[in-house]
1. For the pair residue 72/residue 232, report the inter-label distance in nm, with labels modelled 7 Å from Cα in the Cβ direction.
2. Using 0.36 nm per residue, how much length does the chain from residue 218 to residue 35 gain when fully extended, once their Cα-Cα distance is taken away?
3. Have a look at the DSSP beta bridges in the stretch 130-252 and tell me what percent are antiparallel, nearest 5.
4. For the chain, what is the mean residue ellipticity at 222 nm derived from helices alone (per DSSP H run of n ≥ 4: -39500 (n - 2.57); sum divided by total residues; nearest 500 deg cm²/dmol)?
5. Under a Cβ-Cβ cut-off of 14 Å, what is the net charge of the residues other than residue 112 that fall near it, where Lys and Arg count +1 and Asp and Glu count -1?
6. Relative contact order (percent) for the chain, with alpha-carbon contacts under 8 angstrom and 6 or more residues of separation?
7. Given a Förster radius of 30 Å and the C-beta distance between residue 91 and residue 15 as r, what FRET efficiency does 1/(1 + (r/R0)^6) yield to the nearest 0.05?
8. Could you calculate the contour length gain from residue 43 to residue 210, that is, 0.36 nm times the residue separation minus the distance between their Cα atoms, to one decimal place in nm?
Amino acid sequence: MTHVDAILPAAGRISGDFAAEAGAGVKALIELGGRTVLERTIAALRATGRIGRIVVIGPEEVTAHPAARAADAALPEGGESGPSNIRRGLEWVRDASGGHADRVLIVTTDLPFITPEAITRFLDACPLDLDICIPLLRREEFEARFPDFPLEYVRLRDGEWTMGCAFLVNPEAIIAHRARIEQVFALRKSQLGMMRLLGPLFIVRFLLKRLTIKDIEQRCLDILGCTGGAIHGCPPELTFDIDLPREYRYAVEHIG
């Protein structure tokens, strides 16, 4: 795959004692080794030589931060859902290039260990016939890179898995199916809502550990109306994100 543009959602907040310890209320502005996670992410993308335009979307403290100047654009968040803000980025990329690109890379801004090599490996592994490509790692692969860090995994019939935080997408498909995608996003924290969406048979099979990655891919196709696939064996650096204090402390210790 040649050059792609990149969208960096940077609206993820932390609060309370966690924010006080990390020194920031937005995850993208957490500093590690003298650089914010946002700065690390943009630098890694640039260093691949594979990324064209970069657009950051977040609150004012992010868009006005010096780290955001390394991007081609910094857009204010809309106060809406995560997918709505990503759509803002997709529309900016479309307008900047005079039309929809074939593919756009979406990378969250809470990946402290992100590297150019991790991004390149993911891009090279993504087939062009899928609308959404998602990095997936087996437990053994993550623990080989981060052996002393406990992580929660999804247990399926074909192994224990964790998902990454970078996505290669077909912009036209995402915009065409945005209503359904936003519905899924809105229900992500409602067990009852997700059960209704996925269906009782799917839930039972999951609880009985009878589901496989292929089963989930097919169900996503049925629900979202666009094609998607898990990219196996992706770099663990794309899966280690900062959501909790223990993840922040681990990053501080290992990045210095």
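1. The two pseudo-label positions are separated by 3.5 nm.
2. Values: separation 183, 0.36 × 183 = 65.88 nm, distance 4.04 nm.
Length gained, residue 218 through residue 35: 61.8 nm.
3. Among the beta bridges of the stretch 130-252, antiparallel pairing accounts for roughly 60 percent.
4. Details: 12 runs with 110 residues, N = 256.
Taken over the chain, the calculation gives -12000 deg cm²/dmol.
5. Surrounding charge for residue 112 is -2.
6. 23
7. Computed FRET efficiency for residue 91 and residue 15 comes out at 0.50.
8. Numbers: separation 167, 0.36 × 167 = 60.12 nm, distance 4.15 nm.
Here the answer is 56.0 nm.
Computed from the coordinates by the stated procedures, all read-outs in this text should not be read as laboratory data. As the structure is a computational prediction, the values presented were derived from the model and not from experiment. Glycine also receives a Cβ, built like all others from the backbone with ideal geometry; neighbour counts cover every protein chain displayed.
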